[in-house]
Amino acid sequence: MKPGTMMTMLGIGAALAACDCRPQDDARALSQDKELRAVMDNFTRNEVPAATPLVEKREVELIRLVSLTTQQSGALLREEVATALAQGLEPEAILEAIYQCAPYAGFPRTADAVEIARGVFKAKNAKVDENRGTVTAQSRLEAGADAQGTLFGQTFRDMAKNGKEGMPTVNYFLASNCFGDYYTRKGLDLNTRELLTMAILVNLGTEPQLKAHIGANLKIRTAEYVEQAIYNCLPYCGYPRTLNALRLLEEAAAETKADAKGSPAAKTMPGKDWSAFPVGRPNDAYARYFTGRSYLDMISREQVGIGNVTFEPGCRNNWHVHHAKKGGGQILVATAGRGYYQEWGRPARELKPGDVVNIPAGVKHWHGAAPDSWFQHLAIEVPGEGASNEWLEPVGDEEYGRLK
C-alpha cells in the first residue's frame, strides 16, 4: 500500500458556497477572506471526499467534528454542527463524538465544543436525549476493561480483575475513565468510537498512542479504509501530522500482516473451487460492524435481498437484531467452510455447508467464521413491515475464544 496513492487530486472544482445554515454572527468572520474560504471549501467538500469514497458520509462528518474539536475551532465547529444536523446526524451522535475527545484532547477543548454544539441545537430547536451514560461508579471499571479487551485483547480484562488496588494508577484511569466513562455511552457504537479516537490522535500527532489505535482499527476495517479515514483529517491537522499518520499506518499494517502469517488461522484466500459462489469484494461499507475482514457479493437485490457473505478465519459480525413490526428476520444458508451462529443467552451453533438457520425478527445474535476456517453463507432478507437492522456491541475475544 502506498499512502500517497489515495490523495491523487481530481482537479480543482468550483468552490462551494458558505453553508446556508451557519449562524449570522459567524458568517462575517468566515467570509472575510473569500479566497481562503474558496480553497478551504473546495478541498474539504470536493477533493478530499472524491479521493476517499470508502468512508461513509456519516463517519466523514463525525471525523470533521472531532477534528475541529481537537483543533479548538469555534466558528468552523459551529458551522459543522449545523451541517451535521442538516445531513441527518442525531444530536446525540454529534455530542458523543465531541465527548470522545475528552480523554485525548482534555476537558477544556471538549467543554468549549459542547457549549458550541448545544448553542446550535438550541437555535435549531434540536432535542437531545440526556440519558446516554450506561455505567455506574461500581461498574465503570469492569465495563471499561471489557471495551479495552474487545479492541486490544484479553490482557486488559485480566488486568482489571483485581480492581483498583491491584492496578497501576494510569491503567486504572484508562480502564475506568477513558474506556469506562466514554466508550460505553449510548449514541455511538464501540467501533465508531475507535475510528474517532484514531482521528483525534491524528490531529494531536501523538505517535505511540496513534499507532496502537491504528492497529485496533485494522482489526475492524481494511487498511485502505483506515488510510482514507486519515486523509479526512488532513484539512484540519495539515500535512506533517497526516504524513506521520500514514507512516504509522504502513508500520502497523506490516506488523498486522506479519502476525497473521504466524497465526494458525492464517490461510490464503480460498480458490475458485471452494464454493459455488464467488468470494466477492471487501465488505468495507459494513466493516465497522465486523471483527476481521469479510467480503460481500449481492446475489439478488430484487424481490428478496440475498447477500453472499464470506468471512476470513476468526471474522465475525457484531451482535445485532433484525427488527420488524410484522414478518422480517433473516435466513442463513451455509455454503462453504466452517462457522458459527449464536443467539443471545444460548450456546453457539456450529455451521457447515448445507446448514440452514432461521432467525426471527427481534432476536439478538451474531454469525461468522470459526477461528481456523474460512466460512461463507447466503444471508436472505425476510420481507417485513418496518424492517430495520440494529447493530450492537462486538463479540468479545474471550467469548469467541472459547469456540474451536
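The values are calculated or read from the model by the stated rules, or taken from the named source; none is laboratory data. Because the structure is a prediction, the values reported are computed rather than measured. Glycine also receives a Cβ, built like all others from the backbone with ideal geometry; neighbour counts cover every protein chain displayed.
Before moving on, here are some points about what is shown:
- Scanning segment 276-297 for residues that are among the acidic types (Asp, Glu) and assigned to a strand (DSSP E or B) returns a single hit, Asp297.
- Residues that are within 18 Å of Arg288 (Cβ to Cβ) and hydrophobic (A, V, I, L, M, F, W, C) occur in segment 371-388; there is at least one.
- Subset of segment 298-320 [in a strand (DSSP E or B) and either assigned by TED's automatic domain parsing to the domain that holds Arg193 or buried (at least 17 other Cβ atoms within 10 Å of the Cβ) (or both)]: Ile306, Gly307, Asn308, Val309, Thr310, Phe311, Arg316, Asn317, His320
Condition check ((1) among the acidic types (Asp, Glu); (2) in contact with an Asp or Glu (Cβ under 9 Å, 6 or more places away or on another chain); (3) surrounded by fewer than 16 Cβ atoms within 10 Å (Cβ to Cβ); (4) part of a strand (DSSP E or B)) across all residues:
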residue	(1), (2), (3), (4)
Val333	no, yes, no, yes
Gly362	no, no, yes, no
His367	no, no, no, yes
Gln376	no, no, no, yes
Ala379	no, no, no, yes
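- Selection within segment 275-320 - under 19 Å from the mean Cα position of the chain (by Cα), closer than 25 Å to Glu399 by Cβ and hydrophobic (A, V, I, L, M, F, W, C): Ala287, Phe290, Leu296, Phe311, Cys315, Trp319
- Unmet criterion (only one of (1) touching a residue at least 12 places away in the same chain (Cβ under 8 Å); (2) over 21 Å from the mean Cα position of the chain (by Cα)) for Arg346: (1)
- Arg338 closer than 20 Å to Ala285 by Cα and surrounded by fewer than 21 Cβ atoms within 10 Å (Cβ to Cβ): no
- Flag for Glu59 being among the acidic types (Asp, Glu) and crowded, with 16+ Cβ neighbours inside 10 Å: yes
- Residue that is farthest from Asn318 (Cα to Cα), among those in segment 190-207 that are modelled with pLDDT under 90 and surrounded by fewer than 23 Cβ atoms within 10 Å (Cβ to Cβ): Glu207
- Flag if Gly106 is without any contact (Cβ under 8 Å) to a residue 24 or more places away in the chain and under 19 Å from the mean Cα position of the chain (by Cα): no
- Within segment 93-120, the residues that satisfy the criterion of being more than 21 Å from Thr44 (Cβ to Cβ) and either surrounded by fewer than 18 Cβ atoms within 10 Å (Cβ to Cβ) or among the aliphatic types (A, V, I, L, M) (or both) are Leu95, Ala102, Gly106, Phe107, Pro108, Ala111, Asp112, Val114, Glu115, Arg118, Gly119.
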